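S.K.: Would you mind keeping the following structure in view while I ask a few things?
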Amino acid sequence: MSRQVRNRRPRIHEIDWQRTVRRNLKHYQSEFKTIIPQDLEGFGRKGKSLRDIILCVDQSGSMAASVVYAGVYGAVLASIRSITTKMVVFDTAAVDLTKDLEDPVELLFAAQLGGGTDIHNALKYCEKLIARPAETVLVLISDLYEGGNAAQMLKKCAELKRSGVRMVVLLALSDEGAPSFDQHLAQKLGDLDIPSFACTPDRFPELMAILLTSGSGLSDLYRFR
């Protein structure tokens, strides 16, 4: 069992009694002088994940709607036991919000929108989180309006690709679902075989299925369009 993996439906030997008691204090029955647990907390079994996913999310003010999407994406991915999901949000600095992935509300409140945009710095931060490049998918959610060094950002993307990391860009979306992004930088990334998509939440599972399928390549991704 792993104390880092949470289990909402534990077997009796997997129950974390301390967390279960704290979670159910509101269900204390004074008549019986005991707690009647309504929700169980348990330890899960930690196996080797098939893929590692890093969501790298631009949190500048123009990205408000897409940050909400990213919170939903992250919460869904975190619930899949066969993959390991990490979430990094950034403006000019980068912050790892992986610990909040199981609670999307907490995650969204943690993402404070505003500030500039330094994609290059964010990618350097994400690079430190990569343990298995060939099994890692890095999803950059951004409008690609780089406020840092665009040339260095492209160089870092090329390095990540050469190491075996699969990369894809999900472009910023308005509330109406229309993309807004730096087309020039998107083209430069395309030249590195890093495609950019305006992906609505309903199509996100299809995109991730392609990215996570062993042997899928760029041609599969472009068919997604």
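S.K.: Which pairs, out of Lys33/Lys99; Lys156/Lys188; Lys124/Lys188, put more than 24 Å between their alpha-carbon atoms?
M.R.: Lys33/Lys99
S.K.: What nm distance separates the two modelled labels at Asp191 and Asp96, each placed 7 Å from Cα along Cα→Cβ?
M.R.: Each label point is offset 7 Å from its Cα along the Cβ direction, giving 3.4 nm.
S.K.: If you stretched the chain out fully between Arg203 and Ile36, how much longer would it get, using 0.36 nm times the residue separation minus the C-alpha to C-alpha distance?
M.R.: Full extension from Arg203 to Ile36 adds 56.0 nm.
S.K.: Take every Cα pair under 8 Å in region 50-94 that's 6+ residues apart, average their separations, divide by the length, and report that relative contact order as a whole percent.
M.R.: Once normalised by length, the contact order is 58 percent.
S.K.: Here's a follow-up. How much accessible surface does Glu146 have with a 1.4 Å probe, in Å² rounded to 10?
M.R.: We get 40 Å² for Glu146.
The values are calculated or read from the model by the stated rules, or taken from the named source; none is laboratory data. Just so it is clear, the structure is predicted and the values come from calculations on it, not from any experiment. So basically every Cβ, Gly included, is an ideal-geometry build from the backbone, and we count neighbours across all protein chains shown. Quick note on the areas: whole protein, heavy atoms, side chains included, nothing else; ligands and nucleic acids left out. Shrake-Rupley method; radii C 1.70, N 1.55, O 1.52, S 1.80 Å.
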